[in-house]
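As structure tokens, the structure follows; a few thoughts come after it.
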Amino acid sequence: MAAVSGLPPAYADATYQKAHEDVYSSPLTDKIETVLPYGISQEDFDRAIQKAIDVLGEDAVFTGEDLKYYVDPYDIPEAGKARNIPSAAVW
């Protein structure tokens, strides 16, 4: 089964993968803004991401627009607060 947006499947089980794709087929966020972890510079973040890519490969590290499918679809932002957006995802 092909994954959403050409990303690798998140689950080996086809039933779980279909449920995942149904939930994430329409991301709740149109544009992913870069969010750095608190207290981390862009330079340090980029260095850490590159180390993760060096160890795990590019297919296992997600940043930027690839994070659309890692934004929690069940996140209910409280009044006056933005949706939680991850800085990166690694699997």
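The values are calculated or read from the model by the stated rules, or taken from the named source; none is laboratory data. Values in this document were obtained by computation on a predicted structure and should not be read as measured data. Virtual Cβ from ideal backbone geometry, glycine too; neighbours counted across all protein chains shown.
Side notes on the structure shown:
Residues checked against (1) loosely packed, with under 14 Cβ neighbours inside 10 Å; (2) among the hydroxyl-bearing types (Ser, Thr, Tyr); (3) modelled with pLDDT under 75; (4) touching a strand residue (DSSP E or B) at 6+ places or on another chain (Cβ under 9 Å):
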residue	(1), (2), (3), (4)
1	yes, no, yes, no
26	yes, yes, yes, no
33	yes, no, no, no
47	yes, no, no, no
80	yes, no, yes, no
88	no, no, no, yes
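- Every residue from the stretch 56-71 that is in contact with a Pro (Cβ under 9 Å, 6 or more places away or on another chain) and exposed (fewer than 12 other Cβ atoms within 10 Å of the Cβ): 59
- Applying the set (1) surrounded by fewer than 12 Cβ atoms within 10 Å (Cβ to Cβ); (2) at pLDDT 90 or above to residue 53 leaves exactly one unmet item: (1).
- Test: residue in the stretch 6-23 that is modelled with pLDDT of 95 or more and of a type in the set (Ser, Thr, Tyr): no
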